[in-house]
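The values are calculated or read from the model by the stated rules, or taken from the named source; none is laboratory data. Owing to the predicted nature of the structure, the values given are computational and were not obtained by experimental measurement. For neighbour counting, all protein chains shown are included, and Cβ atoms are generated from backbone atoms with ideal geometry for every residue, glycine included. What goes into the accessible areas is simple: the full protein's heavy atoms, side chains included, and nothing from ligands, DNA or RNA. Shrake-Rupley method; radii C 1.70, N 1.55, O 1.52, S 1.80 Å.
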Amino acid sequence: MRIAITGSIGSGKSEAGKILKELGYTVIDTDELAHRTLLNGNDVFTSIVHEYGNKAIGVDGNIDRRFLADLIFADPQEKKKVENWMHPVIWRMVDEECEKHRQEDLVFVEVPLLYETGSQTRFDRSILILTTQKTAIERLMRHRKISQAEAKRRWKSQMNPKLKARFADVVVRNDKNVEELKLNIQKMIEKLKKNT
């Protein structure tokens, strides 16, 4: 079964992915795949540099992810343009990774913008990691070293989590600590296994 894990920025998707890996499950991270598309020599790299020039290139010679984040969080049109280059490549990579693990009962794929892009149809089930806006903003400020205003702006640029909850097959709360999240994930896995 191919299962998407999603959630708003700061909800704890990556932490959920870590826990699932610790429990022995395959977790494919689309953010990680996206980073690969930004490496020098890839088609996506070429498209971005052609559009935005050398200012899009970081000190390591690849696309500057900070430049890209600032660009797409500030302008919906630019976001759409970049996504049109990246998404087809990322989905091809996801399909290749899932194919490698097709013998496994459960394969998880972290997809930040699952419902925004209408990609839930690619999966058998979708899991939403849900937390409060206040908690998400605190996490963003702490982990990404950004201001409260910037954290709020990024959080608000995404679909409302209450709306996401309507689309999700399973909602996993992540309001307190890693131990609570781990317990909630274990319950979620039991529920998924009963329904397979």
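Taken over region 140-155, the criterion of being open to solvent by 30 Å² or more (accessible area, probe 1.4 Å) and either hydroxyl-bearing (Ser, Thr, Tyr) or within 14 Å of residue 112 (Cα to Cα) (or both) is satisfied by 147, 155. No other residue among 166, 153 is touching a residue at least 12 places away in the same chain (Cβ under 8 Å) and in a helix (DSSP H, G or I) apart from 153.
All of (1) of a type in the set (Val, Ile, Thr); (2) more than 15 Å from the chain's Cα centre (by Cα); (3) open to solvent by less than 100 Å² (accessible area, probe 1.4 Å) hold for residue 121 with one exception: (3). Determine, yes or no, whether residue 26 is polar (S, T, N, Q) and surrounded by 17 or more Cβ atoms within 10 Å (Cβ to Cβ). Answer is no for this residue.
Among the helices (runs of 4 or more DSSP H) contained in region 1-66, which hold 1 or more residues that are touching a residue at least 60 places away in the same chain (Cβ under 8 Å) and acidic (Asp, Glu)?
By residue number, 13-22, 30-37.
For residue 82, the requirement of being open to solvent by less than 40 Å² (accessible area, probe 1.4 Å), over 17 Å from residue 3 (Cβ atoms) and out of contact with any Pro (no Cβ under 8 Å at 6 or more places or on another chain) is met. Considering region 124-139, the residues that are under 21 Å from residue 93 (Cβ atoms) and surrounded by 18 or more Cβ atoms within 10 Å (Cβ to Cβ) include one that is farthest from the chain's Cα centre (by Cα), namely 125. Among the residues making up region 68-79, none is surrounded by fewer than 16 Cβ atoms within 10 Å (Cβ to Cβ) and closer than 18 Å to residue 42 by Cα. Return yes or no: is residue 103 open to solvent by 70 Å² or more (accessible area, probe 1.4 Å), part of a loop (DSSP other than H, G, I, E, B), out of contact with any Ser or Thr (no Cβ under 8 Å at 6 or more places or on another chain) and modelled with pLDDT under 95? The answer is yes for residue 103.
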